[in-house]
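As structure tokens, the structure follows; a few thoughts come after it.
Bear in mind that the values in this text are calculations on the coordinates, not laboratory data. Because the structure is predicted, anything quoted here is derived from the model rather than measured. Because the Cβ atoms are built from the backbone with ideal geometry, glycine has one as well, and the counts that use them run over all protein chains shown.
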Amino acid sequence: MTVISEAQIQKEELKNPKNNNLDYSISLWIDSYDDIFSDFDPRPFSARNISDDFLYEVKKVSGENDFLIKEFKLLIPSNERNFETELVITKRLHSYFTKNQYYFLGKKTTEIKKGFLFTLFGVLMMVGASLVSSLNTDKILWHTLLVIIEPAGWFLVWSGMETLINTSRKEKPELDFYNKISKSKIVFLNIK
């Protein structure tokens, strides 16, 4: 009988490009709980700001694959561990990741709505310009109105389309990261 470890199975599954719905875990080594939080924030762990360096490392490690992060392991020396503190930190990290997930999702939704509205108003202005142009009148007021609304319509259409295209491109990495990490189980482990 051949015995295959979980690590070998996971390694083989990660090699298989057909299976995109895999869960995997990431690990970070920390010397103390303070490595997770900002050095400049004196508040308790339950309210303290997350360190930019810590977030950078988590994003870098999680960005190596497109898989969902099942477990987020924080490796810490056994003499530094405290169960109550770990519970507080776990809640703080989950609330931070979830809050940012909703923030970036809301930001993306708002920008997409803005892009659609710009495009819609631009198309309506160009339809209005077409109607003014079809009047075939020599009155200066109609010509002035045409000169004003036709470029404004084009501007709004192009601005709206640019907002739609750039929003999905700009917000996607942050939203993907927070979607992956907010659903993960945070586990503290002793460094071996």
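Computed from Cα atoms, the angle from the helix 52-62 axis to the main principal axis of the chain rounds to 90 degrees. Proximity of backbone amide H atoms, modeled 1.01 Å from N, is registered between Leu68 and Leu22, Tyr24 at under 5 Å, excluding neighbours fewer than 5 places apart on the same chain. Taking amide H as placed 1.01 Å from N in the peptide plane, Val187 has its amide H under 5 Å from the amide H of Phe72, Lys73, Leu74, each at least 5 places away in sequence or on another chain. For the chain, the longest principal axis of the alpha carbon atoms and the long axis of helix 140-182 meet at an angle near 10°. Enter the angle in degrees (range 0 to 90, nearest 10) between the Cα long axis of helix 6-15 and the first principal axis of the Cα atoms of the chain, meaning the one along which they spread out most. The angle comes out near 30 degrees.
With a Förster radius of 35 Å, plug the Cβ-Cβ distance of Glu80 and Ile165 into 1/(1 + (r/R0)^6) and report the FRET value to the nearest 0.05. Result of the calculation: an efficiency of 0.15. Here the contact order of segment 21-190, divided by its residue count and restricted to Cα pairs under 8 Å and six or more residues apart, works out to 32 percent.
By definition, a body whose alpha carbon gyration tensor gives a ≥ b ≥ c is prolate when a/c is 1.5 or more and a/b is larger than b/c, and the chain fits this prolate description. A simple count of charges around Arg48, restricted to other residues whose Cβ falls under 11 Å of its Cβ and scoring Lys, Arg +1 and Asp, Glu -1, yields -1. Once R0 is set to 22 Å, what does the formula 1/(1 + (r/R0)^6) return for the Cβ-Cβ distance between Ser46 and Tyr102, expressed as a FRET efficiency to the nearest 0.05? The pair Ser46/Tyr102 has a calculated efficiency of 0.65. Close amide H contacts of Phe37 (hydrogens built in the peptide plane, cut-off under 5 Å, sequence separation of 5 or more or a different chain): Ser51. Each residue of segment 94-110 was assigned a 3J(HN,Hα) from its phi angle through the Karplus curve 6.51 cos²θ - 1.76 cosθ + 1.60 (θ = phi - 60°); the sequence is 4, 5, 5, 5, 5, 4, 6, 4, 5, 4, 5, 5, x, 4, 5, 4, 4 Hz, with glycine and proline shown as x. Helical content alone sets the calculated 222 nm signal of the chain at -21500 deg cm²/dmol, taking -39,500 (n - 2.57) per DSSP H segment of four or more residues and averaging over every residue.
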